[in-house]
Amino acid sequence: MAKVLVVADIKEGAVKGSTTELLSKAKGIGAEAAVVAIGSNIGSLVPDLAKAGSDTQYIADDAGLEIFSAGPYAACVVDAANQFGADMIWFGFSESGKASAPRVAAQLDAACATEIIDVTLSGDQIEYVRPATANKVLQRVKVNSKQLVAVVRAGAFEAQEGISGAENAVTLSAPAADLKAVIKELISDASGEIDLADADIVISVGRGAKDQAGVDMVKELANDLKAGFGSSRAMVDAGLMAHNKQVGQTGKIVAPSLYMAIGISGAIQHLAGMNGSKVILAVNKDPEAPIFNVADYGIVGDLFEVVPILREEIKKVRN
């Protein structure tokens, strides 16, 4: 039986849903699933990690691991992978995962893949699928090494009902400090806005909003729905939105239950960041806009007229 080690994604002391999704997929392909959790004061998360689908929980709990640092973080993953005898090590789609995966692969002399959307097993043969050329094609890749280290694209796997595990915690030794790079301070976004990667609903604004007043109007719709608020690259380049709000090939990859593209034409680079969304609603006054080719629902109209109507209808439904 193949063995999959999932690297837990922990934020503010809680296990994120992406960890459950990866463990569900591991169980779904018939693999034995374990998880490695890294941080400070995380021992209490063992029951949650077992409930998410892991049968073994490797815990690296040390004050020195409170702030992410790629070197020590990767060392913990390698330690867990060796103890478990992992055939595959899966990271969720996060900055820490993308920073650590190449280090882990190099230390294990393993194949390394990013943004994978599927994995299959045929006997001992591992194959994975990933999009390429701005999602225009899908690559099916056969792994010729004994191990695969992979970063899984956001929303690629779904958590399955009835998946559970068992508590079997294994304590990992604290890794040596990284002498080549020392994290001095972690500066977080103090805006209080919903992280795009965590949002179940994402509303993005494009050049159709024209100016700051238009952006603010669309943001009110996001506030009404308690949605993550993103944008196209055009709005970032115009200085109207921060880069960390950009959705697309050179920005964030999101896969929410509902994605609303407001005033976005749908350039291929933007589509690469959101076409994994379960339901897509597009609003654009150009009926030939490419965004309508991927949208489940489309509204042809001026966003300055459509957005107030949407807000009003949402209020009616809620009342």
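The values are calculated or read from the model by the stated rules, or taken from the named source; none is laboratory data. Here the structure is a predicted model, which means the values were calculated and not measured. Here Cβ is always computed from backbone atoms with ideal geometry, including for glycine, and neighbour counts include all displayed protein chains. Note: areas computed on protein heavy atoms with side chains; ligands, DNA, RNA excluded. Shrake-Rupley method; radii C 1.70, N 1.55, O 1.52, S 1.80 Å.
Brief remarks follow.
- Computed 3J(HN,Hα) for the range 170-175, one whole-Hz value per residue from the Karplus formula 6.51 cos²θ - 1.76 cosθ + 1.60 where θ = phi - 60°, is 10, 7, 9, 6, 5, x, glycine and proline marked x.
- The charge dipole of the chain, taken about its Cα centre with unit charges on the Cβ of Lys, Arg, Asp and Glu (plus for the first two, minus for the last two), comes to roughly 600 debye.
- Nearest 10 degrees, 0 to 90: helix 17-28 Cα axis against the chain principal axis: 60 degrees
- Legend: calculated FRET efficiency, residue 285 to residue 223, from the Cβ-Cβ distance at R0 = 22 Å, rounded to 0.05, equals 0.40.
- The range 113-223, Rg to Rh (Cα coordinates; Rh as Kirkwood inverse mean 1/r): 1.07
- Degrees, to the nearest 10: 70-84 long Cα axis against longest axis of the chain: 50 degrees
- Projecting the Cα atoms of 139, 221, 232 onto the dipole axis of the range 108-238, where Lys and Arg carry +1 and Asp and Glu carry -1 at the beta carbon, places 139 farthest toward the positive end.
- Rg and Dmax [Cα atoms of the range 41-188; Å; Rg one decimal, Dmax integer]: 16.3, 46
- When the solvent-accessible area of the range 29-82 is split by element, carbon and sulfur atoms take up 46 percent of it, the probe being 1.4 Å.
- Among 72, 197, 304 the positive-end extreme of the charge dipole of the chain (Cβ point charges): 304
- Per residue, the range 106-212 exposes 64 Å² of solvent-accessible protein surface, assessed with a 1.4 angstrom probe and all protein chains in place.
- Cross-link pairs exceeding 19 Å in C-alpha to C-alpha distance, out of 210/245; 3/142; 51/278; 226/315; 11/98; 25/51, comprise 51/278.
- Listed peptides 145-151, 97-103, 121-127 by packing density, highest first (mean Cβ within 10 Å): 145-151, 97-103, 121-127
- Our helix-only sum for the chain, with -39,500 (n - 2.57) per DSSP H run of n ≥ 4 divided by its residues, gives a mean residue ellipticity at 222 nm of -8500 deg cm²/dmol.
- Candidate cross-link partners of residue 219 among the aspartates and glutamates, defined by an alpha-carbon separation under 19 Å and a same-chain spacing of 8 or more, comprise 189, 193, 195, 198, 200, 211, 237, 302, 305, 312, 313.
- Lys, Arg +1 and Asp, Glu -1 on Cβ, resulting dipole of the range 167-319 about Cα centre, debye, nearest 20: 80 debye
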